[in-house]
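This report concerns only the one structure given below.
Please treat every number below as a calculation from the coordinates, not as lab data. On a predicted model such as this, the values are computed, not experimentally measured, just so you know. Reconstructed Cβ throughout: ideal geometry from the backbone, glycine too, with neighbour counts over all protein chains shown.
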Amino acid sequence: MGIPHDDAVLIEQPDNPNEPRVITVSCPDKTGLGCDLCRVILFFGLSIVRGDMSTDGKWCYIVFWVIERGERRTRWGLLKKRLMDACPSPYASAVILFYGEETQQPRPPEVFLLRFSCLDRMGLLHDVTQVLCELELTIRRVKVSTTPDGRVVDLFFITDTRELLHTRKRKDDTCDMLRAVLGDSMMECCIELAEAEIASCLQVSSFLPPSIMEEIFGLELPEEIVKGSSPPNNLSVTMDNSLSPAHTLIQIYCQDQKGLLYDIMRTLKDYNIQISYGRFYENQSGYCELDLFVIQADGKKIVDPNKQKSLCSRLRMELFHPLRVTVVNRGPETELLVANPVELSNKGRPLVFYDITLALKLLNTRIFLAEIGRHMIGGREWEIYRILLNAEYEFSASKNEIEEGVKKMLMGWE
């Protein structure tokens, strides 16, 4: 059944360079596979303009039409490899079916500490983040500080997608790429395995200052969205059990935004909802329509009114506020706060820090201090980005312009 795993992912180049590329995935099914694939596509900076998916519960067939946006050029060969990594192996699936249990879960990735110092300049943090993204090094936490003499000391807690950072060559290559970008201003570059005590600091914390809680999470849904009537931007999420004898139909209509399909798939994955058939497309007006025929983990429709209301409300929230962005005054200082939800599988949204630093670079705004941490809030895990902006330089953008600029970059709005 199916095709060899080496051909599980096919990427077709269009005859017309202005047309989307077509990514076809055929592999064993699993709950949340669509979310995992969309996350990889989002990490590579691609936008999904159309999608079709179907499964019989054992094998799935998914097609994405994707386009490049922004200045990042896609490494298509690497993208295919990462998509294949996200697909279950047919051999592993056969073992699970035969023995009736899942194989051992992969161990958590090793955490490394990247420490370097250099002279401060505009856009420095974004340039460093771009290098780490190109090297497939995932930023788990960062602490950036600027000394009075204009020197920047950066501490990045990172994991390696390629699992090679324990080797001398991988460490040297990373420092060499950073040195190529930073030039002679780089004074130190060191990568070492984080000690257990330090790595433990990456664990989720329940403490967050009340002022930040109020500023970020006071952004609740307007009442009309909660009730599902007359929402802004024509946002609509509905459920119907009358059109299929075996499935619940979820229909979504909303404005397009970066990571839209990922946000929807992530929500369904967290609710343990399986998609049997779905289609997605973006119209010429910049709005997206989705039809998803779904079932619960027990193979049945979603008939409980409370479950229906909860899932619809959560989807509306994720589409209206996939990320929280605000800029506040801290006495004479200005702080940018960004929060995004973490999947139950412990994966955060990709490229958030990349987009934040790019937006600030384009706004000619320097960063004095930056911290990333994970916090448990309201029963959910969140990644919180706290960016203290450098007050010694005159901002070329106002507080409102910074908030809007960062939000537009994160949402992919021109």
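Could you work out the local net charge near Asn283, counting Lys and Arg as +1, Asp and Glu as -1, over the other residues with Cβ closer than 10 Å to its Cβ?
Result for the local shell: -3.
Please go through segment 235-322 and write out the trypsin sites (Lys or Arg not before Pro) that DSSP classes as loop and that have at most 13 other C-beta atoms within 10 Å.
Working: sites: Lys258, Arg266, Lys269, Arg279, Lys300, Lys301, Lys307, Lys309, Arg314, Arg316; in loops: Lys258, Lys300, Lys301.
Answer in residue order: Lys300.
Taking one equal scatterer on every alpha-carbon of segment 295-414, how large is log10 of I(q)/I(0) by Debye at q = 0.14 1/Å?
Treating every Cα as an identical point scatterer, log10 I(q)/I(0) equals -0.67.
How much length would be gained if the chain were fully extended between Lys408 and Arg330, taking 0.36 nm per residue of separation minus their Cα-Cα distance, in nm to one decimal?
My answer for the length gained is 25.7 nm.
Need one number: nm distance between label points at Lys309 and Asn16, each 7 Å from Cα along Cα→Cβ, rounded to one decimal.
Here the modelled spin labels are 4.8 nm apart.
Using the Cβ atoms and a cut-off under 10 Å, what net charge is assigned to the surroundings of Gln251, where Lys and Arg are +1 and Asp and Glu are -1?
Result for the neighbourhood of Gln251: -3.
With θ set to phi - 60° and the Karplus curve 6.51 cos²θ - 1.76 cosθ + 1.60, what are the ³J(HN,Hα) couplings of segment 262-273 in order, to the nearest whole Hz, using x for Gly and Pro?
Per residue, the Karplus-derived 3J(HN,Hα) values read 4, 4, 5, 5, 4, 5, 5, 5, 5, 8, 6, 9 Hz.
Using a/c under 1.5 as the rounded threshold, could you call segment 231-278 rounded, prolate or oblate? The axes a ≥ b ≥ c are square roots of the C-alpha gyration tensor eigenvalues, and prolate needs a/b larger than b/c, oblate otherwise.
Because a/c hits 1.5 or more and a/b fails to exceed b/c, segment 231-278 counts as oblate.
Are there GluC sites (Glu not before Pro) in segment 119-183 that DSSP puts in a loop and that have at most 13 other Cβ atoms within 10 Å, and which ones?
Glu163
How charged is the neighbourhood of Arg39? Take every other residue with its Cβ under 12 Å from the Cβ of Arg39, and add Lys/Arg as +1 and Asp/Glu as -1.
+1
Run the numbers for Met122 and Leu362: contour at 0.36 nm per residue of separation, minus the present Cα-Cα distance, in nm.
85.4 nm
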